[in-house]
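Each value in this text was obtained by applying a stated rule to the coordinates, not by laboratory testing. These numbers come from a predicted model, not from an experiment. We place every Cβ from the backbone using ideal geometry, glycine too, and count neighbours over all the protein chains shown.
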Amino acid sequence: MESRATSVVLPTEAQWLRVAANIETLMRHMSCAKEQRDIFAHLANFVSANESIFRPPTSYFKAINDTAGRVKIRKEYIKICRGAPTAPANLTGASKLCEVKICDTGGIEDAHGLLQADFANRFIGGGVLEGGNVQEEIRFSICPELVVSMLLCEVMNDHEAIRIEGATRFSSYSGYGGSFKWTGEFDDPTPLSSNCIRDVSLFCVDALPHPGVRQYSKELIEREIRKFYCGVYKYPSMDGEDSLKRVATGNWGCGVFGGDPQLKFVWAAASLAKRPIIHYYRYGERKLAGLDEFIVAVKESEVTLERILEIMQRLSPSSGVFTQILASL
């Protein structure tokens, strides 16, 4: 069975500007109520100021349309799992800390074959449909199939996480926040598994927003450890290779949410879930300049995961987290 359709051509830079200009011209010649003119004014400004919002989904529809015109229809699936695994009651464990690989180039979405972090809003997807352009919104923009989860998943509770497998990437980009820019189409090379699910695994965990000095309290530290544990836990419904997957993460909750990057270095939580290795993307965070030395010092001390968790529950905002941990070894 084949499906054919006319091809879709992405607008050029000049064409996007012409859209805004045409709307403004239409407004000037319309004899309508002020309220209607205000709507068109808002639309013109929105198109002009948020061009990058429209281009990623355009890439998606173009790719789908082009594929339908060239190849036989094939089935591809996306798997969404919402889980609430029970973390150890007292957050202790005699296991060793897992290995860490520091990554200073690329991004989490480039970590092929790894379990990739989505720094989620508790309402998954966050502001992707409202012009948001930070980590989660960017990921949902370049992988528009993730938007389906916004229809299916209710707000996450503190003991829950969401896992999504199989979402294809359709766009390339540069920048972050106000500098976010669509840079072209992306041909996702990730292979399909035997059950027609693309080998892309995302775990969605929401950090506490704007915790201030409270983030160093025992209660909030335990909350964040349990939350991340839920995200990287081995779910029975996932494939058998899941327990072997490494984790790709970064400065979770440390952007607009205001978390401390040293505190949110999720080494302990990933180790508690028995993940073998985490690939940590620093994204140029200055507070993590000494991360390499910190990891070496902790490893050389041969400290247990249980001891690290005990130290973390007695932290204070008076000095750096890494300094406090090393002083307690």
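Observations on the model:
- Annotation: for a label point projected 7 angstrom from Cα along Cα→Cβ of LEU244, residues of region 271-291 with backbone N closer than 17 Å are 274-278.
- Extension reserve of the ALA21-ARG314 stretch, reckoned as 0.36 nm per residue once the Cα distance is removed: 99.6 nm
- Put in line by how crowded their Cβ is, counting other Cβ atoms within 10 Å and starting with the fewest, CYS230, CYS254 read CYS254, CYS230.
- Förster radius 22 Å - calculated FRET efficiency between HIS112 and LYS234, Cβ distance, rounded to 0.05: 0.65
- Note on PHE54/LYS75: beta-carbon distance plugged into 1/(1 + (r/R0)^6) with R0 of 35 Å gives a FRET efficiency of 0.75.
- Annotation for ALA14 and LYS101: the two label points, set 7 Å from Cα along the Cα-Cβ direction, are 4.6 nm apart.
- When the C-alpha to C-alpha distance is required to be over 23 Å, the pairs from LYS75/LYS245; LYS227/LYS299; LYS181/LYS264; LYS274/LYS299 that qualify are LYS75/LYS245; LYS227/LYS299; LYS181/LYS264.
- Net charge, PRO85 excluded, C-beta distance under 10 Å - Lys, Arg +1, Asp, Glu -1: +1
- Projected label points at LEU326 and LEU151, each 7 Å from Cα along the beta carbon direction, are separated by 5.2 nanometres.
- The ranking of VAL256, VAL298 from fewest to most other beta carbons within 10 Å of each one's beta carbon is VAL256, VAL298.
- Spacing of the two label points (7 Å from each Cα toward its C-beta) at TYR176 and LYS299, in nm: 2.5
- Integer Hz, Karplus 6.51/-1.76/1.60 couplings in order for region 218-223, x for Gly and Pro: 4, 4, 6, 4, 5, 4
- Remark on region 76-327: ratio of C-alpha radius of gyration to 2.2 N^0.38 Å is 0.97.
- ARG214/PHE123 FRET efficiency (R0 22 Å; Cβ-Cβ; nearest 0.05): 0.50
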